[in-house]
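Report on the following structure.
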Amino acid sequence: MITIGGLLPSDRDAWEGLFRAYIAFYQRVEPDTMYERAWAEFGKDTRLHALGARQDGRLVGIAHFLTHPSTSAPDADMCYLQDLFTAPDARGGGVGRALIEAVAGWARERGCGRLYWHTHESNATARSLYDRVAENRGFLHYQIALA
């Protein structure tokens, strides 16, 4: 059985292990300060938010998200699901879907008009789930590193 809820102080090490695996999946390396900053922000639960998925008491998935205004929907904020990761041994069991549904519920309760996220085109495992739970609108992602 999967349970979804906020992260607890006792989740710190398990959360970091999952988040580091997520970062490694995308072939990135981040400084320890990034993990410290993210954890502190999740503890405040004001700008950045996090949920965890548990099976048999073990943290097996994480979702990080935030809200922001939108010029194309001035009456409702948007919710951006920035990071979603499931432990490899828990994949295929509904953890990702449960986290997406929980974030959608959280956003709906706060009056958000849309939940959206990005993934790499090569992430076939995640995309097979995303194609079942959401609509791919065909947008491409561009970015400029500023620091």
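The values are calculated or read from the model by the stated rules, or taken from the named source; none is laboratory data. Just so you know, these numbers come straight off a predicted model, no measurement behind them. FYI the Cβ positions are ideal-geometry reconstructions off the backbone, even for glycines, and counts take in every protein chain you see.
Which number in (1) part of a loop (DSSP other than H, G, I, E, B); (2) more than 15 Å from L7 (Cβ to Cβ); (3) polar (S, T, N, Q) marks the one condition that T46 misses?
If we test T46 against (1) part of a loop (DSSP other than H, G, I, E, B); (2) more than 15 Å from L7 (Cβ to Cβ); (3) polar (S, T, N, Q), just (2) comes out false.
Of the conditions (1) under 22 Å from E135 (Cβ atoms); (2) without any contact (Cβ under 8 Å) to a residue 60 or more places away in the chain; (3) not in a strand (DSSP E or B), T67 satisfies every one except a single condition; which number is it?
With respect to (1) under 22 Å from E135 (Cβ atoms); (2) without any contact (Cβ under 8 Å) to a residue 60 or more places away in the chain; (3) not in a strand (DSSP E or B), T67 is out only on (3).
Can you tell me which condition Q27 does not meet? The list is (1) surrounded by fewer than 13 Cβ atoms within 10 Å (Cβ to Cβ); (2) modelled with pLDDT of 95 or more, and all the others hold.
It fails just one condition, (2).
Restricting the search to the stretch 72-92, which residues are out of contact with any helix residue (DSSP H, G or I) (no Cβ under 9 Å at 6 or more places or on another chain) and surrounded by fewer than 17 Cβ atoms within 10 Å (Cβ to Cβ)?
Selection gives S72, A73, P74, D75, A76, Q82, D89.
Any idea which of Y22, Y80, Y35 is within 11 Å of the chain's Cα centre (by Cα) and part of a helix (DSSP H, G or I)?
Going through Y22, Y80, Y35 in turn, the sole match is Y22.
When you check T71 against the structure, is it at pLDDT 95 or above and over 14 Å from the mean Cα position of the chain (by Cα), yes or no?
When the stated conditions are applied, T71 does not pass them.
I'd like to verify a number: residues in the stretch 92-147 that are closer than 22 Å to R47 by Cα and in a loop (DSSP other than H, G, I, E, B), how many?
Here the count works out to 10.
Give L59, L51 a once-over and let me know the one that is under 22 Å from Y116 (Cα atoms) and surrounded by 11 or more Cβ atoms within 10 Å (Cβ to Cβ).
L51
Going through the stretch 1-58 one residue at a time, which ones are among the hydroxyl-bearing types (S, T, Y) and without any contact (Cβ under 8 Å) to a residue 40 or more places away in the chain?
S10, T33, Y35, T46
Answer yes or no: is there a residue in the stretch 99-106 that is over 20 Å from R28 (Cβ atoms), over 13 Å from the mean Cα position of the chain (by Cα), loosely packed, with under 14 Cβ neighbours inside 10 Å and of a type in the set (G, A, S).
Yes, because at least one residue in the stretch 99-106 is over 20 Å from R28 (Cβ atoms), over 13 Å from the mean Cα position of the chain (by Cα), loosely packed, with under 14 Cβ neighbours inside 10 Å and of a type in the set (G, A, S).
How many residues, within the stretch 30-47, are of a type outside the set (G, A, S) and crowded, with 18+ Cβ neighbours inside 10 Å?
Here the count works out to 2.
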